[in-house]
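A.B. asks: Starting off with a structure, shown below.
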Amino acid sequence: MLSVERRRLIAENLRSRGVVSVGEMAEALGTTEITVRRDMRAMAKDGLLVRAHGGALLPSAIGHEPSYSEKAHQAGAEKASIAGLALEMIRPGDSILVGPGTTTLALARLLGDVAELTVVTNSLLVAQALMASPRVEVILTGGTLRRSIHALVGPAAEESVRALRASKAFISGNGFTAERGLSTPSPLVAATDRAFASAAQQVVVLADHTKIGQDTMCQTVPVGRVHTLITDSRADPAVLAAIREVGVDVRVA
């Protein structure tokens, strides 16, 4: 495949998704990661994208909130592995908070056999995934529907968890760095996730490799408030080392 054709396909993926990873593009294009990085460097010089750890994003993507359908096609196998590792942190009788996202949804699909579990969520998809699990009590927050991510957000969602206390909050986002912790492009989503974090004894962030080293507009949870980060083996080791250095328990699925 000619370089002009590869770069056209990279640009199309960026326009539709806002962010792409080197590994995913190499697989899609049937080429090496070295070739994709070379193409991305050339495109960055032309202002067509912004280089990031492990991939690239649109110049305006720092404020772009990918929809659920966009995120559902990214790193599916890695998200399943992350969910499996997160499940090991949950015990019978726990009360947990689960935020919206494709990785947290993967976790929700594994929770049906955990006895006497209580799950508080603002995600309609998480609640739906647990609908047929009689052993799990599901508490759905109030709030305003944010259709792009199938979740309830805003002051009503924040207020509904303010009086609660849970052992762990499992939340996701659009970026995680050693400097700012977890971030998302939406102020409404960020505020609701902060309320979830405040209601939990431990904050567990589930983030696949495409989020590691990325930074978006709104800080959700500062790095000092995050107890555990669970990611996958394709995450940048240097970035993970920096995150460990600031005191976060980093676990790699």
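The values are calculated or read from the model by the stated rules, or taken from the named source; none is laboratory data. Everything quoted here is computed from the prediction, not taken from an experiment. Quick reminder, even Gly has a Cβ in these numbers, built from the backbone with ideal geometry, and neighbours come from all protein chains shown.
A.B. asks: Out of the residues in the stretch 94-129 meeting the condition of being among the hydroxyl-bearing types (Ser, Thr, Tyr) and assigned to a strand (DSSP E or B), tell me which one is farthest from LEU164 (Cα to Cα).
C.D. replies: Checking each candidate, the answer is SER123.
A.B. asks: Let me ask you something else. Every residue in the stretch 98-149 that is of a type in the set (Asp, Glu) and on the phi > 0 side of the Ramachandran plot, please.
C.D. replies: Selection gives GLU116 alone.
A.B. asks: If you take the residues in the stretch 190-243 that are modelled with pLDDT of 90 or more, touching a strand residue (DSSP E or B) at 6+ places or on another chain (Cβ under 8 Å) and hydroxyl-bearing (Ser, Thr, Tyr), which one is nearest to GLU179 (Cα to Cα)?
C.D. replies: Checking each candidate, the answer is THR220.
A.B. asks: So which residues in the stretch 148-173 are out of contact with any Gly (no Cβ under 9 Å at 6 or more places or on another chain), buried (at least 22 other Cβ atoms within 10 Å of the Cβ) and closer than 24 Å to VAL248 by Cα?
C.D. replies: Within the stretch 148-173, no residue meets the criteria.
A.B. asks: Can you tell which of GLY93, GLY84, GLY99 is within 17 Å of GLY173 (Cβ to Cβ) and modelled with pLDDT of 95 or more?
C.D. replies: Matching residue, one of GLY93, GLY84, GLY99: GLY99.
A.B. asks: Condition (residue is crowded, with 16+ Cβ neighbours inside 10 Å, of a type in the set (Ser, Thr, Tyr) and touching a residue at least 24 places away in the same chain (Cβ under 8 Å)) applied to the stretch 91-99: is it met by at least one residue?
C.D. replies: First, pick out the residues of the stretch 91-99 that are crowded, with 16+ Cβ neighbours inside 10 Å: 94-99.
Then keep just the ones that are of a type in the set (Ser, Thr, Tyr); that gives 95.
Now restrict to residues that are touching a residue at least 24 places away in the same chain (Cβ under 8 Å): 95.
Within the stretch 91-99, one or more residues are crowded, with 16+ Cβ neighbours inside 10 Å, of a type in the set (Ser, Thr, Tyr) and touching a residue at least 24 places away in the same chain (Cβ under 8 Å).
A.B. asks: Hey, any hits in the stretch 61-73 for a residue that's modelled with pLDDT of 80 or more and assigned to a helix (DSSP H, G or I)?
C.D. replies: No.
A.B. asks: Continuing with the same structure: Only residues that are outside any loop (DSSP other than H, G, I, E, B) and either touching an Asp or Glu at 6+ places or on another chain (Cβ under 7 Å) or under 25 Å from GLY76 (Cβ atoms) (or both): list them for the stretch 130-150, please.
C.D. replies: Within the stretch 130-150, VAL136, VAL138, ARG146, ARG147, SER148, ILE149 qualify.
A.B. asks: Yes or no: the stretch 223-231 includes at least one residue that is hydrophobic (A, V, I, L, M, F, W, C), under 16 Å from the mean Cα position of the chain (by Cα) and farther than 23 Å from VAL120 by Cβ.
C.D. replies: Within the stretch 223-231, one or more residues are hydrophobic (A, V, I, L, M, F, W, C), under 16 Å from the mean Cα position of the chain (by Cα) and farther than 23 Å from VAL120 by Cβ.
A.B. asks: Report whether or not GLY76 is at pLDDT below 95, in contact with a Lys or Arg (Cβ under 7 Å, 6 or more places away or on another chain) and outside the structural domain of GLU24 (by TED's automatic domain parsing).
C.D. replies: In short, no.
A.B. asks: Further, regarding this structure: Limited to the stretch 127-141, what total is found for residues that are under 20 Å from GLY173 (Cα atoms) and surrounded by fewer than 19 Cβ atoms within 10 Å (Cβ to Cβ)?
C.D. replies: Going through the stretch 127-141 one residue at a time, the tally reaches 1.
A.B. asks: Please pick out the residue among LEU105, LEU117, LEU110 that is under 24 Å from ALA253 (Cβ atoms), modelled with pLDDT of 95 or more and surrounded by fewer than 17 Cβ atoms within 10 Å (Cβ to Cβ).
C.D. replies: None of the others qualify; the one that does is LEU110.
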